[in-house]
Amino acid sequence: MDTKWQDSKAVSSMLDDWETWAIVGLSGNPDRTAFRIAELLQRRGKRIVPIHPDAPTVLGEQGYPTLADVPFPIDVVDVFRQSEAAGEFADQAVEVGAKGVWFQLGVIDEAAFQRTTAKGVAMVMDTCPAIEWSARESA
């Protein structure tokens, strides 16, 4: 594990301070990890924004086909895509003015990390909000 990808200040800002989470790849399928994490984020007081080509309403929140289609500010872009496809969403997050990008467990793109953080946008990779909250609560 590369700890620069899980900077404690970036993790804390995203989990504690930033409220609106756009979730790339979120559909209405409750068997998918993205759905379960979206539920957790909502229980923790976050507003979730589904980002999916079909723009479904998920967990009571209107979806949008792309990040650029979201008509309000996004704090965190949480990416549930394979590593090979994730980098473009980090770039889009920077373009729409998101404060942070979160790549889920197993999703790693070093070049995207470098591009994103070089633009002053916080980024976390290869972990999950559920893991981070659990670690804090057991500490």
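Below, the figures for the structure above:
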{"quantity": "About the Cα centre, charge dipole magnitude for the chain (Lys/Arg +1, Asp/Glu -1 at Cβ), debye", "calculated": "280"}
{"quantity": "If the convex hull is drawn through the Cα atoms of the chain, its volume per residue in Å³", "calculated": "103"}
{"quantity": "Relative exposure of 132, 19, judged by other C-beta atoms within 10 Å (fewest first)", "calculated": "19, 132"}
{"quantity": "Computed over segment 59-139: relative contact order in percent, which uses C-alpha pairs under 8 Å that are six or more apart", "calculated": "26"}
{"quantity": "Charge sum, other residues only, whose C-beta stays under 9 Å from residue 107's C-beta, Lys/Arg counted +1 and Asp/Glu -1", "calculated": "-1"}
{"quantity": "Shape call, segment 90-139: gyration tensor on alpha carbons, a/c limit 1.5", "calculated": "prolate"}
{"quantity": "Sparse-neighbourhood loop sites, chymotrypsin sites (Phe, Trp or Tyr not before Pro) in segment 32-139 - DSSP loop, at most 16 other Cβ within 10 angstrom", "calculated": "none"}
{"quantity": "Counting DSSP beta bridges with both ends in the chain, the antiparallel % (nearest 5)", "calculated": "5"}
{"quantity": "Average Cα contact separation per residue, the chain, under 8 Å, 6 or more apart, as relative contact order %", "calculated": "23"}
{"quantity": "Tail weight of P(r) past 16 Å, computed on alpha-carbon pairs of segment 49-131, percent", "calculated": "49"}
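Any read-out appearing in this document is the output of simple, stated calculations on the displayed coordinates, not a laboratory observation. No experiment lies behind these values; they were computed from the predicted model shown. Positions of Cβ are generated from backbone atoms using ideal geometry, with glycine treated the same way; all protein chains shown enter the neighbour counts.
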